[in-house]
Amino acid sequence: MEPRFTASHWGTYLVTGGDDPELLPDPSDPQPSRIGRGWLSAARDPALRIKRPAVRKGWLHGDQGRGRNGDSFVEVSWDRATSLIAGELQRVIEHYGNGAIFGGSYGWASAGRFHHAQSQLKRFLNLIGGYTAHQNTYSHAAAEVILPHIVGISNEAFLDGATSWPLIAENCSLLLAFGGISPRTAQIEPGGTSEHEVSSQLNRIAQSGTSIVNISPVRSDLDAVSSARWMQIRPGTDTALMLALAFELQTNDWHDCAFLDRYTSGWPRFRTYLAGESDGQPKSPEWAAPICGVPVQDIRDLAAQMARERVMITVSFGVQRGDHGEQPIWAGLALAAMLGQIGQPGTGFGFGYGSLTAVGRSQRIVRWPSFPQGANPIRDFIPVARITDMLLHPGSSYQYNGETRLYPDIRLVYWAGGNPFHHQQDLNRFSDAWTRPEAVIVHDHSWTSTARRADIVLPCTTPLERDDIMVNRRDSSLVYMSQIFEPLGDARDDHAIFCDLANRMDVGPEFHENRDTQAWLRWMWSNCRQIAEKEGFTLPHFDRFREAGRVSIPLPQELRTQFAEFVRDPENKPLQTESGKITLCNETIAAMKAEDCPSHPAWLQPLEWLGNAETGQLHLISGQPDARLHSQLDNGNEAQASKIQGREPCTLHPEVAQKLGVESGDIVRLYNARGACLAGVRLSMGIHPGCVSLATGAWFDPQVVAGTLLEVHGNPNVLTLDKGTSSLAQGTIGHTCLVYVEKWTSPLPELSVNTPPPIGHLHSGPDISAVAVNTGP
């Protein structure tokens with residue numbers, strides 16, 4: 001019997017067990033992800049899987065969304081459900097135009113290249129006239145917008161070009177990791193992965209004699225190396241520390257003037273800012289120490305060490321997910337430029353190491369084909385994290401990347417493969433905004449927080465219930481993802497759903513091109529084989545690939561150095577910036593006249609931080625979880641085992657816990673003016689005493705308890721602030737948040753997310769043939 005494999009964003013798995021299958025991590029993976037241990041139980045959860053199409057009762061009665069946040073459902077046939085959706089789409093297009101459809105669908109539904117929910121949805125919407133889209137990501141929006149201005153390449157290109165791990169091990173003697181480099185966040189990779197190597201790479205670097213400094217409020221952000229030095233910084237103050245280090249380099253004449261003159265623009269103006277000539281405040285260690293909580297002498301000593309060493313400065317994704325998140329990226333780049341080691345093997349500046357598993361991987365990049373989405377006739381979009389503002393304030397203006405834009409008037413939201421009730425900040429405010437559209441359509445396999453708040457819910461297969469292929473440009477393996485189970489209930493894959501809808505909307509042949517799923521997979525593999533031939537190697541025919549289950553790419557490792565070509569020949573290989581160089585002062589940004597994003601790296605006080613905290617407030621750190629991907633698999637046994645009395649655990653410093661009168665295993669209430677949630681307590685000496693950490697991703701479970709709205713499961717996004725990083729990028733600032741913490745002494749509310757919403761049957765509702773005219777004009 002040929003081996004069977006499947007793949008996910010958290011790893012590749014060998015399928016064993018016949019009729020009772022098990023998933024074993026790929027034997028070649030040196031550090032398998034913990035996340036995968038909860039995959040099977042979550043995917044086969046009989047209580048929470050959506051078995052049949054369902055329609056919300058209030059929507060059937062014409063409430064136009066008012067009851068969307070807590071309603072029951074009526075199960076209907078596939079024919080009736082798709083007929084309703086086609087009718088709603090046609091109604092909205094006829095009365096409001098395609099720009100009134102929001103096709104957000106932000107999410108990580110599958111590592112498969114064909115069953116990529118966003119691609120399937122966008123291809124369908126493009127064929128029926130388009131939709132309002134989103135731009136950038138929750139993960140790194142600040143970087144996506146500012147990097148093209150300051151280094152002339154996209155964030156994707158920057159991550160692809162990251163200096164390779166082996167070069168850091170061989171050439172770097174001091175690694176400064178702002179935000180750490182965490183194997184916890186390195187469990188995942190967009191498009192899937194066959195191995196996890198971040199821990200071993202970090203240990204190789206440490207064994208080479210490199211000094212590693214973890215600059216983070218949490219020690220575990222770099223816990224793979226026991227010898228790493230922990231510099232315990234206040235959250236949101238990395239820029240201040242970077243500027244003080246730059247001040248020391250400049251004041252002591254430890255900076256590389258020749259590099260700055262040849263490879264950067266704007267250095268003289270940035271230098272005047274560091275010296276305090278432009279604002280009256282030198283950015284000295286004495287200035288920075290009370291801001292970032294790092295002693296003056298420690299700052300001076302670190303700057304002196306930097307001047308002696310070969311230095312790599314890295315910034316994690318999490319550091320830029322805060323108020324003015326553009327600044328630590330820019331300031332870190334400027335600090336590296338002052339050392340003059342950018343473009344050299346193993347040193348310089350990096351972004352995203354450890355935030356994804358493949359950043360820094362020495363794999364030759366091969367750009368494989370994807371499911372074609374077509375072109376969107378609607379050019380309008382919003383920055384991804386501004387969805388609440390869009391729904392609450394249609395027609396109002398906002399600033400983005402130098403433009404004044406208007407929020408569209410959205411009447412229908414179509415979501416497939418994502419969970420905005422995980423990603424979005426200030427979920428209580430978002431819940432209000434979510435009631436504003438006239439119709440919300442969701443594809444999901446389980447009763448997630450988003451599915452429960454839809455008007456029409458279509459049950460989808462999980463990746464374990466269909467065939468697909470994993471082809472990732474930064475991975476050494478191509479994986480045939482074999483179907484393991486039959487679909488549960490009446491679940492269908494997204495492609496089959498959109499084929500039906502496309503036929504109803506008279507674009508069926510254009511959507512499916514007379515191919516079924518196997519034919520599409522063969523088409524994609526044929527394109528893979530053509531690309532492989534151009535790269536100088538041969539892939540097997542499709543049937544052999546499917547039988548083998550996995551193919552290794554026979555290409556030599558490719559060591560990369562970020563900006564190497566530019567540094568070797570800046571005149572003939574200039575950067576695509578306004579000056580052709582790294583811009584330390586950017587005239588394009590200066591012309592925007594944005595007070596929240598100056599023309600050079602700068603310290604701007606966050607809206608909420610320990611520097612303006614009231615007595616008793618702690619800074620909330622809401623990082624990525626260890627036992628799931630975002631909110632995926634939260635109902636799986638691995639994530640469930642990590643909870644405390646069914647609640648997501650938060651971490652407190654023991655001294656803080658003692659003052660609060662709480663112990664490990666207790667339940668606490670975290671709260672601020674935006675909301676409140678419950679969480680279990682863990683204690684650790686490895687967290688800044690001014691902080692509390694609570695991972696994102698617990699399924700949103702708001703309930704009225706003793707007359708007050710309370711999220712009872714431990715979702716931190718009822719507390720986080722829904723504001724853009726700045727008018728430049730408008731990214732999320734989930735790490736800018738102050739909360740109070742108190743012991744919970746009342747009875748624990750029962751969780752509602754562990755059971756499906758109330759579900760009736762078709763005969764219990766009204767005649768739904770008229771629904772399409774009940775929801776709008």
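The values are calculated or read from the model by the stated rules, or taken from the named source; none is laboratory data. Just so it is clear, the model here is predicted, and its values are computed rather than measured. Neighbour counts run over all protein chains shown; Cβ positions are idealised from the backbone, glycine included. Surface areas here come from the heavy atoms of the whole protein model, side chains and all, with no ligands, DNA or RNA. Shrake-Rupley method; radii C 1.70, N 1.55, O 1.52, S 1.80 Å.
Before moving on, here are some points about what is shown:
- Region 1-34, subset among the hydroxyl-bearing types (Ser, Thr, Tyr) and within 18 Å of Glu189 (Cα to Cα), residue nearest to the chain's Cα centre (by Cα): Ser8
- Filter result for Leu23 (surrounded by fewer than 19 Cβ atoms within 10 Å (Cβ to Cβ), assigned to a strand (DSSP E or B) and modelled with pLDDT of 95 or more): no
- Only one entry in Pro328, Pro345 is modelled with pLDDT of 95 or more and not in a helix (DSSP H, G or I), namely Pro345.
- Criterion violated by Ile497 - all others in (1) in a loop (DSSP other than H, G, I, E, B); (2) closer than 30 Å to Leu89 by Cα; (3) touching a strand residue (DSSP E or B) at 6+ places or on another chain (Cβ under 9 Å) satisfied: (1)
- Wholly within region 174-264, strands (runs of 3 or more DSSP E) carrying at least 1 residues that are under 26 Å from Gly322 (Cα atoms), open to solvent by less than 20 Å² (accessible area, probe 1.4 Å) and among the aromatic types (Phe, Trp, Tyr): 174-178
- Region 735-761 residues that are more than 30 Å from Pro217 (Cα to Cα) and free of Cβ contacts under 8 Å to residues at least 40 places away in the same chain, paired with ones that are assigned to a loop (DSSP other than H, G, I, E, B) and among the charged types (D, E, K, R) (beta carbon under 9 Å, 6 or more apart): none
- Matching option when the condition is more than 30 Å from Met592 (Cα to Cα), in a loop (DSSP other than H, G, I, E, B) and touching an Asp or Glu at 6+ places or on another chain (Cβ under 7 Å), among Ser664, Ser752, Ser746: Ser752
- Residue satisfying all of: in region 618-657; polar (S, T, N, Q) and not in a helix (DSSP H, G or I); most open to solvent (accessible area, probe 1.4 Å) among these: Gln645
- Each residue in region 548-573 was checked for being free of Cβ contacts under 8 Å to residues at least 60 places away in the same chain and either in contact with a helix residue (DSSP H, G or I) (Cβ under 7 Å, 6 or more places away or on another chain) or aromatic (Phe, Trp, Tyr) (or both), and 1 of them qualify.
- For region 732-740, the criterion of being part of a strand (DSSP E or B), touching a strand residue (DSSP E or B) at 6+ places or on another chain (Cβ under 6 Å), modelled with pLDDT under 95 and open to solvent by 10 Å² or more (accessible area, probe 1.4 Å) is satisfied by no residue at all.
- If you go through region 247-267 and keep only what is under 21 Å from Val567 (Cα atoms) and in contact (Cβ under 8 Å) with a residue 40 or more places away in the chain, you end up with Trp254, His255, Asp256, Ala258, Phe259, Leu260, Arg262, Tyr263, Thr264, Ser265, Gly266, Trp267.
- Taken as a whole, the condition of being hydrophobic (A, V, I, L, M, F, W, C) and under 23 Å from Ala454 (Cα atoms) applies to Ala117.
- Cross-chain or 6+ apart pairs with Cβ under 6 Å, region 598-616 first and touching a residue at least 40 places away in the same chain (Cβ under 8 Å) and more than 12 Å from Asp323 (Cβ to Cβ), then among the β-branched types (Val, Ile, Thr) and not in a loop (DSSP other than H, G, I, E, B): Ser599/Ile589
- Residue under evaluation Leu521, criteria (1) open to solvent by 20 Å² or more (accessible area, probe 1.4 Å); (2) under 26 Å from Cys460 (Cα atoms), criterion not met: (1)
- In region 678-707, the residues that are open to solvent by less than 10 Å² (accessible area, probe 1.4 Å), touching a Cys at 6+ places or on another chain (Cβ under 9 Å) and not in a loop (DSSP other than H, G, I, E, B): Ala679, Gly680, Val681, Val692, Leu694
- Selection within region 529-542 - touching a helix residue (DSSP H, G or I) at 6+ places or on another chain (Cβ under 9 Å) and part of a helix (DSSP H, G or I): Arg529, Phe542
- Residues located in region 554-580, provided they are touching a Lys or Arg at 6+ places or on another chain (Cβ under 8 Å) and over 19 Å from Asn401 (Cβ atoms): Leu555, Pro556, Gln557, Glu558, Glu565, Phe566, Pro570, Pro574
- Positions within region 140-154 being of a type outside the set (A, V, I, L, M, F, W, C) and surrounded by fewer than 24 Cβ atoms within 10 Å (Cβ to Cβ), in sequence order: Glu144, Pro148, His149, Gly152, Ser154
- Evaluation of Arg405 against (1) out of contact with any helix residue (DSSP H, G or I) (no Cβ under 9 Å at 6 or more places or on another chain); (2) assigned to a loop (DSSP other than H, G, I, E, B); (3) at negative phi (one fails), failing number: (2)
- Region 30-43: number of residues that are in contact with a Gly (Cβ under 7 Å, 6 or more places away or on another chain) and either modelled with pLDDT under 95 or surrounded by fewer than 17 Cβ atoms within 10 Å (Cβ to Cβ) (or both): 1
- Check on Glu510, exposed (fewer than 14 other Cβ atoms within 10 Å of the Cβ) and touching a Gly at 6+ places or on another chain (Cβ under 9 Å): no
- Scanning region 457-479 for residues that are over 24 Å from the mean Cα position of the chain (by Cα) and either in a helix (DSSP H, G or I) or surrounded by fewer than 24 Cβ atoms within 10 Å (Cβ to Cβ) (or both) yields Glu465, Asp467.
Listed here are the residues, each with its yes/no results for (1) open to solvent by 10 Å² or more (accessible area, probe 1.4 Å); (2) assigned to a helix (DSSP H, G or I); (3) over 23 Å from Asn69 (Cβ atoms); (4) not aromatic (Phe, Trp, Tyr).
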site: Arg364; (1), (2), (3), (4): yes, no, yes, yes
site: Arg367; (1), (2), (3), (4): yes, no, yes, yes
site: Ala385; (1), (2), (3), (4): no, yes, no, yes
site: Asp409; (1), (2), (3), (4): yes, no, no, yes
site: Val440; (1), (2), (3), (4): no, no, no, yes
